[in-house]
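Report on one structure; see the data block that follows.
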Amino acid sequence: EKAGFDHFMLKEIHEQPKAYRDTLSSRIDASGTRVVLDEVKMSQDDIRSIQQVHIVACGTAYHAGLVGKGIIEKLARIPVETDVASEYRYRSPIITPNTLVMVVSQSGETADTLAALREAKRCGARVVAITNVVGSSVAREADDVITTWAGPEIAVASTKAYTSQLVAFYLFGLYLAQTLGTQEAGYIADVIAELKRLPEKVERILEQADTIKNWAEQVATHNNLFFIGRGLDYAVALEGSLKLKEISYIHSEAYAAGELKHGTLALIEEGIPVIALATQEELLEKTVSNIKEVKARGAHVFGLNAEGETELVKTVDEVFAIPHTLQLLSPALSVVPLQLLAYYASLARGNDVDKPRNLAKSVTVE
Ligand code: M6R
């Protein structure tokens, strides 16, 4: 049932190209230039009336929601807030009939996410769910459902569910942009063309797993490390850090690179590993200057950049290039080496990769 892989997690990491294809297929028109989301029953007026979007989720799904915020704000120019479900419920969120609430849940059964959905409905908001389980509680109670076709995810650490959630956000963001006219048709077609190229690019990353295995074996000898990045790279850094904590039990923190010098830089000492994400071209120069700050204090920096970029290699100790894509789409690729890093670090520490201590696959208690 593990199809020749040692663990479900590794199998699921390798299933991501297929999950991308399946989640995209039938949602792009024959000309390849427009998104078709028949499952979303919003009228043009419904879409035009949206004044704000709230994205609510837990854990990895929350991290997908942070990328979702970047996607929707960029493509549809609507303000978005992303909240952890257990916080959202109790902070008296300002929900109006013009608020679109999006809940994200792989299982569709997470108690806090479900409760947030109910609260949003009670306040009169329309709820769109992104879920991987057809017929789950979240799917049944939401107004509209965008199903991720990742297939069953068995490993407790979520991988292909996260990346398919990103695809759902790209599709939904493009769908809003088409209706609102916030992006040129040519740009929408470019994003769609790049989305279709993701599976092959993920394959190319997976072929270089040995490089990341080597990083993981170095990282596994430490008890503390940092992930840093700016913009979408920061959102991916948070996910990379969670994955590593969850299955390797190594403590790590993800930091917005520019925020380090406001306190956390005090923790950087000789030899500490720092995983630096620098895939966002517009922010590269700023990220490189933050990398220099940690290098100057003795950090050992593992950098992720985009293929063809030549600056980072001059600053970091080790570098891994992700295939080139649009900046907006880079999270869909840059998370893959971080999933492999967590996997191999967990293996190096002799942990139970698929069933980490203290955790359950589906959190149905509040
Ligand atoms: O089923 P859900 O997407 O609602 O689950 C949310 C989180 O419990 C889940 O993503 C958790 O953070 C993962 N185990 C992380 O890998």
Given the criterion away from the ligand (no atom under 16 Å from the Cβ) and under 16 Å from the mean Cα position of the chain (by Cα), identify the matching residue among 12, 39, 73. 73
Do you know which residues across segment 299-336 are of a type outside the set (Val, Ile, Thr) and under 20 Å from residue 224 (Cβ atoms)? 299, 300, 302, 303, 304, 317, 318
Confirm whether residue 260 is within 23 Å of residue 339 (Cβ to Cβ) and surrounded by 15 or more Cβ atoms within 10 Å (Cβ to Cβ). no
Is there any pair with a first residue in segment 245-257 that is closer than 14 Å to residue 352 by Cα and open to solvent by less than 60 Å² (accessible area, probe 1.4 Å) and a second that is part of a strand (DSSP E or B) and within 14 Å of the ligand (Cβ to nearest atom) whose Cβ atoms are under 9 Å apart and which are 6 or more apart or on different chains, and what are they? none
Can you confirm whether residue 328 is under 22 Å from the mean Cα position of the chain (by Cα) and more than 16 Å from the ligand (Cβ to nearest atom)? yes
Restricted to segment 202-227, and to residues that are farther than 15 Å from residue 323 by Cα and free of Cβ contacts under 8 Å to residues at least 12 places away in the same chain, which residue is least open to solvent (accessible area, probe 1.4 Å)? 214
Taking segment 156-176 and the residues there that are hydrophobic (A, V, I, L, M, F, W, C), out of contact with any strand residue (DSSP E or B) (no Cβ under 7 Å at 6 or more places or on another chain) and buried (at least 24 other Cβ atoms within 10 Å of the Cβ), the one that is farthest from residue 328 (Cα to Cα) would be 157
Exactly one condition in (1) assigned to a helix (DSSP H, G or I); (2) in contact with a Leu (Cβ under 7 Å, 6 or more places away or on another chain) is false for residue 319; which is it? (1)
Checking residue 294 against (1) over 24 Å from the mean Cα position of the chain (by Cα); (2) exposed (fewer than 15 other Cβ atoms within 10 Å of the Cβ); (3) modelled with pLDDT of 95 or more, which test does it fail? (2)
Can you tell me which residue within segment 84-143, out of those that are farther than 26 Å from residue 45 by Cβ and of a type in the set (Lys, Arg), is farthest from the ligand (Cβ to nearest atom)? 91
Residue ID - farthest from residue 222 (Cα to Cα), chosen from residues in segment 340-366 that are open to solvent by 60 Å² or more (accessible area, probe 1.4 Å), more than 9 Å from the ligand (Cβ to nearest atom) and charged (D, E, K, R): 366
Based on this model, can you work out whether residue 114 counts as free of Cβ contacts under 8 Å to residues at least 40 places away in the same chain and more than 16 Å from the chain's Cα centre (by Cα)? yes
Check on residue 48, touching a Ser or Thr at 6+ places or on another chain (Cβ under 8 Å) and under 20 Å from residue 231 (Cα atoms): no
Screening 145, 134 for residues that are more than 16 Å from the chain's Cα centre (by Cα) and outside any loop (DSSP other than H, G, I, E, B) leaves only 145
Show the residue pairs that are 6+ apart or on different chains and have beta-carbon atoms under 7 Å apart, the first residue being within segment 95-108 and open to solvent by 10 Å² or more (accessible area, probe 1.4 Å), the second being within 16 Å of the ligand (Cβ to nearest atom) and of a type in the set (D, E, K, R). 106/153
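The values are calculated or read from the model by the stated rules, or taken from the named source; none is laboratory data. Computed from a prediction, not measured in an experiment: that's the story for all the values here. Cβ sites come from the backbone with ideal geometry, for glycine too, and all protein chains shown count toward neighbours. To get the accessible areas, we keep the full protein, side chains included, count just its heavy atoms, and leave off ligands, DNA and RNA. Shrake-Rupley method; radii C 1.70, N 1.55, O 1.52, S 1.80 Å.
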